[in-house]
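What follows is a single structure, written as structure tokens, with notes after it.
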Amino acid sequence: MNMPDRFDEEAETQTQTTKTFEHATDEKSTTVARSGWNWSRIRPIAFWATTFVIVFELTAGSVWNLLPIEWVEVQLRHLGYPHYFAYILGVWQAGAAVAIIAPRLPLIKEWAYAGAFFLWSSAVASHLIVGDGLQTWGVPLVFGTCAIASWVLRPADRRLPETRLRRDRPANAGQNGAGSPETRPRAWAVPIGLLVVLYAVSFLTLPAAEAMTHKWAVENGWIDE
């Protein structure tokens with residue numbers, strides 16, 4: 001084989017190698033882009049789904065505690081908490097629901113998420129301490145898990161500047177602020193409307209909820225039928 005033929009073969013081999021590498025790189029880029037696109041679509045859905053669950057539970061819980069209904073009084077007595085504890089929980093649950101669903105307010109949201117997690121994790125611990133089974137502490141465990149998921153998945157405008165991911169941080173983000181507060185009427189009208197609906201549903205379904213929870217209390221042996 002002469003030298004020109006050898007050079008031609010080497011050049012052809014290099015060209016094929018380059019094409020193979022470029023093809024593999026393009027496939028990898030497409031896969032990454034597709035994965036990122038899927039996550040960018042799934043994340044807000046997961047955030048709002050988990051947020052809706054915890055806000056609904058907070059609103060319903062505040063109604064049940066502020067009245068309070070039989071289920072709340074029975075549970076407090078069973079767990080050894082004083083009667084007035086229901087009113088304290090009800091007020092803070094209402095405040096947490098407003099803080100979490102409202103736009104912006106990142107610092108208040110941090111406190112609201114923390115309070116919600118303490119509420120449900122304390123409920124789990126309380127039931128475990130008195131020897132209750134999964135049917136009693138499993139529900140607050142689910143709500144606590146949803147609170148963690150909602151907190152992790154919250155978008156950039158609901159985070160403190162120092163807790164935002166680098167790609168989500170605005171170039172002019174300050175050290176002590178989280179940006180200007182949201183002033184568009186629609187941004188506040190939607191959360192307020194949702195809270196009104198959730199409170200209306202909580203009140204309208206109260207008779208059915210009391211009948212259902214009365215049955216649970218009897219099944220758990222907390223009250224006599």
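The values are calculated or read from the model by the stated rules, or taken from the named source; none is laboratory data. Everything numeric in this text was worked out from a predicted model, so none of it was measured. Please note: Cβ atoms are built from the backbone with ideal geometry, for glycine as well, and neighbour counts cover all protein chains shown. We work out accessible area using only protein heavy atoms, side chains counted, and drop any ligands, DNA or RNA first. Shrake-Rupley method; radii C 1.70, N 1.55, O 1.52, S 1.80 Å.
Determine, from the Cβ-Cβ distance of Ile45 and Val196 and an R0 of 30 Å, the FRET efficiency 1/(1 + (r/R0)^6), rounded to the nearest 0.05.
Values: r = 23 Å, r/R0 = 0.78.
After rounding, the FRET efficiency stands at 0.80.
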Could you report the accessible area of Trp151 in Å², rounded to 10, computed with a 1.4 Å probe on the protein chains as they sit in the structure?
100
Using a 1.4 Å probe and ignoring any ligands, DNA or RNA, find the accessible area of Leu66 and quote it in Å² to the nearest 10.
80
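Could you sort Asp132, Asp224 by accessible area so the largest value comes first, with the probe set to 1.4 Å?
Working: Asp132 25, Asp224 145 Å².
In descending accessible area the options line up as Asp224, Asp132.
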Hey, if we sort Lys215, Lys109 by accessible area with the 1.4 Å probe, largest down, what's the order?
Lys215, Lys109
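Would region 54-162 count as rounded, prolate or oblate if I go by the C-alpha gyration tensor, calling it rounded below 1.5 in a/c and otherwise prolate when a/b exceeds b/c, oblate otherwise? Let's see the in-between values first.
On the way: a/c = 2.60, a/b = 1.68, b/c = 1.55.
Prolate.
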Of region 54-98, those with amide N under 19 Å from the point 7 Å along the Cα→Cβ vector of Gln135 are 70-79
What number does region 88-129 give for Rg over Rh if you use C-alpha atoms and the Kirkwood radius?
1.06
